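Enquirer: Structure incoming, see below.
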Amino acid sequence: MKKYKLETADLNAVLQELPGWEVKAGKLHKTFKFGSFAQAMGWMVSAAVYADKIDHHPEWSNVYNRVTVNLVTHDLDNAISNLDVDLARQMEKLFRGSNY
Ligand code: H2B
């Protein structure tokens, strides 16, 4: 998929549809909270499979049942791109679609 930087207006529109996401330190950011460590790990594995499929990889960290995610596009000089939004949408879908 072709990657392109999102302009501020487009980014703001996208943020309206992504609950809990914000731009923090220039990155698309959210902390997900799960019911357990196992659920957090399961979600991370599913998200990682998708990330690898689209060849776009998150910056993220886990502490027990929380996963903090920062999405940015290194190849576009650390801009937020359509691929960051694509990955954020999939993360939401996986989060909502499971019993987290
Ligand atoms: N992930 C992220 N977050 N940003 C990138 O620019 C990026 C990536 N580039 N994953 C991809 C891999 C690139 O290095 C490969 C060669 O397609």
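The values are calculated or read from the model by the stated rules, or taken from the named source; none is laboratory data. Not measured: the values here are computed from a predicted model. All Cβ positions, glycine included, derive from the backbone under ideal geometry; neighbour counts span all protein chains shown. The protein model used for the area step is the full one, side chains on, heavy atoms only, and it has no ligands, DNA or RNA in it. Shrake-Rupley method; radii C 1.70, N 1.55, O 1.52, S 1.80 Å.
Enquirer: Return the residue satisfying two criteria in turn: it lies in segment 78-100 and is among the polar types (S, T, N, Q) and within 9 Å of the ligand (Cβ to nearest atom), and of such residues it is most open to solvent (accessible area, probe 1.4 Å). Walk me through it before giving the result.
Expert: Filtering segment 78-100 for residues among the polar types (S, T, N, Q) gives 78, 81-82, 90, 98-99.
Pick out the ones that are also within 9 Å of the ligand (Cβ to nearest atom) and you get 78, 81.
Details: Asn78: 89, Ser81: 0 Å².
The qualifying residue most open to solvent (accessible area, probe 1.4 Å) is Asn78.
Enquirer: Got a sec? Which of Asp75, Asp52 is charged (D, E, K, R), within 14 Å of the ligand (Cβ to nearest atom) and free of Cβ contacts under 8 Å to residues at least 12 places away in the same chain? Lay out the reasoning, then the answer.
Expert: Values: Asp75 fails: free of Cβ contacts under 8 Å to residues at least 12 places away in the same chain.
Testing whether each residue is charged (D, E, K, R), within 14 Å of the ligand (Cβ to nearest atom) and free of Cβ contacts under 8 Å to residues at least 12 places away in the same chain leaves just Asp52.
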